[in-house]
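Only one structure is covered here, and it is reproduced in the block below.
The values are calculated or read from the model by the stated rules, or taken from the named source; none is laboratory data. Computed from a prediction, not measured in an experiment: that's the story for all the values here. Note that we place each Cβ from the backbone using ideal geometry, even for glycine, and neighbour counts take in every protein chain shown. We work out accessible area using only protein heavy atoms, side chains counted, and drop any ligands, DNA or RNA first. Shrake-Rupley method; radii C 1.70, N 1.55, O 1.52, S 1.80 Å.
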Amino acid sequence: MSEPTKFLLREEQIPTHWVNLLPDLPGDPLPPLHPGTKQPAGPDDLTPIFPMGLILQEVAQEPEVEIPEEVRQAYGLWRPTPLFRARRLEKALGTQTRIYYKYEGVSPAGSHKPNTAVPQAYENAKAGVKKLSTETGAGQWGSSLAFACSLFGLDCEVFMVGSSYDQKPYRRSMMQTWGATVHRSPSELTQSGKANAEHPTGSLGIAISEAVEVAAQDPDCNYSLGSVLNHVLLHQTVIGQEAILQMELAGDEPDVVIGCVGGGSNFAGLAFPFLRAGSKARFVAAEPAACPTLTRGVYSYDFGDTAGLTPLMPMYTLGHDFVPPPVHAGGLRYHGDAPMLCGLVKAGRIEARAYKQNETFEAAVRFARSEGIIPAPEPAHAIRAVIDEVERGDAKVILFGLCGHGNFDLAAYDAYLGGTLEDPEFSEADMDAALARLPEAPAIA
Ligand SMILES: Cc1ncc(COP(=O)(O)O)c(C=O)c1O
């Protein structure tokens, strides 16, 4: 065929190393702070809930970190993932812009999340841990960790954000099929859950508090986080490394790279290897208008969870106890973002845009009707941003991350197609209330 649609790599081209962007970041790194003393938190502060293998990756200064062979073997179940040229979408949009997407929906769980779930389960199993606890928003992360735990013989306990638990019963079934135990959050099982009973739709912040509490009280159980932390972003860089090779196969170089941002891991996974390679592209992060951390948040130290159990991290935040409206992009309902990504937004290297639900689903349906794949609501934000770029008219080559499929998100599509999808937005009053509750911590420039 003279006009290929897919650009594929062989299994031996699965990356051998992850790209650590920490040494390339502008300015001095801002350390996480201990939640009690507000002093810089060191590796020892993290040992109650993380294994040393992951803590060392969290603070690694080397530009690359080797991927353990067992992890590469497991990656072989779905990696390398395909890169597509969106010829049909280009035609539907009537554009000369060449659009490519890196598709992570071919993993067993249907998104990019197993890229980090597998190395996290591996390091915990190696350290003799018996069980992992975690939160899940969209259900993508919980199912990915359940899958990864099943590969390495670990038990898995998941606190699923209430609104997603109700919207996506089959995500719960997936987790149970892989052997996990799933609770609706806020639950009655933890202090953090009981303290938040008045927020029945839940939030990622509350679910994280519940999962951290369980891990902190059980010596055989560690906690696992699906985004935000340095080691999670590190693991996701397999995406961008493969995409660089695939863009070479296509004979093109992106001048705009786009992804959606919840905590920042799929975006970073795609973008960081291009940044390391010195790409001159513009980088655009797309987020929901209902939870606009990068576009409206303040750059400040804040807790990663609602109860204030995690270290304080420097990030764009809407306030750690902000409970976003129950929009369908459950994976984007987080009050903050990865510190590494926030630093790059602050430095002006990454742009951010926020989109409402209906305009996002309109883009997703357009994509599904041209390219076939039904996108998850999270990357639908990236597709909205792609269409915006095309309409602005100055991009020649766009690469975006299609980080998951939406086959378990059909309730959301139902609501959109039935005209009942709402467009909640973040109000100034929400903002003022949340910021008034920011913890006391050193100011950051
Ligand atoms: C499909 C999908 N995309 C995106 C995200 C957002 O997370 P991140 O910004 O870390 O990629 C999630 C999180 O659950 C998700 O499930």
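If you filter region 271-311 down to residues that are within 17 Å of the chain's Cα centre (by Cα) and charged (D, E, K, R), you find that the one that is nearest to residue 423 (Cα to Cα) is 287.
Pull up region 89-110, narrow it to residues that are more than 16 Å from the ligand (Cβ to nearest atom) and either under 19 Å from residue 271 (Cβ atoms) or β-branched (Val, Ile, Thr) (or both), then point me to the one that is most open to solvent (accessible area, probe 1.4 Å). If we take residues in region 89-110 being more than 16 Å from the ligand (Cβ to nearest atom) and either under 19 Å from residue 271 (Cβ atoms) or β-branched (Val, Ile, Thr) (or both), then 98 is most open to solvent (accessible area, probe 1.4 Å). Quick one: count up the residues across region 326-347 that are within 9 Å of the ligand (Cβ to nearest atom) and modelled with pLDDT of 85 or more. Adding up the residues that qualify gives 5.
For region 359-374, indicate whether the set of residues that are open to solvent by less than 30 Å² (accessible area, probe 1.4 Å) and closer than 21 Å to residue 296 by Cα is non-empty. Checked region 359-374: at least one residue is open to solvent by less than 30 Å² (accessible area, probe 1.4 Å) and closer than 21 Å to residue 296 by Cα. Scanning region 292-346 for residues that are surrounded by fewer than 24 Cβ atoms within 10 Å (Cβ to Cβ) and of a type in the set (Asp, Glu) yields a total of 1. Does any residue of region 351-371 turn out to be on the phi > 0 side of the Ramachandran plot and either touching a residue at least 60 places away in the same chain (Cβ under 8 Å) or not in a strand (DSSP E or B) (or both)? Checked against the condition, which is being on the phi > 0 side of the Ramachandran plot and either touching a residue at least 60 places away in the same chain (Cβ under 8 Å) or not in a strand (DSSP E or B) (or both), region 351-371 yields no hits at all. Of all positions in region 406-428, none carries a residue that is part of a strand (DSSP E or B) and either at negative phi or of a type in the set (Gly, Ala, Ser) (or both).
Please go through region 272-325 and give me each residue that is in a strand (DSSP E or B), hydroxyl-bearing (Ser, Thr, Tyr) and away from the ligand (no atom under 15 Å from the Cβ), ordered by number.
Matches in region 272-325: 299, 300, 301.
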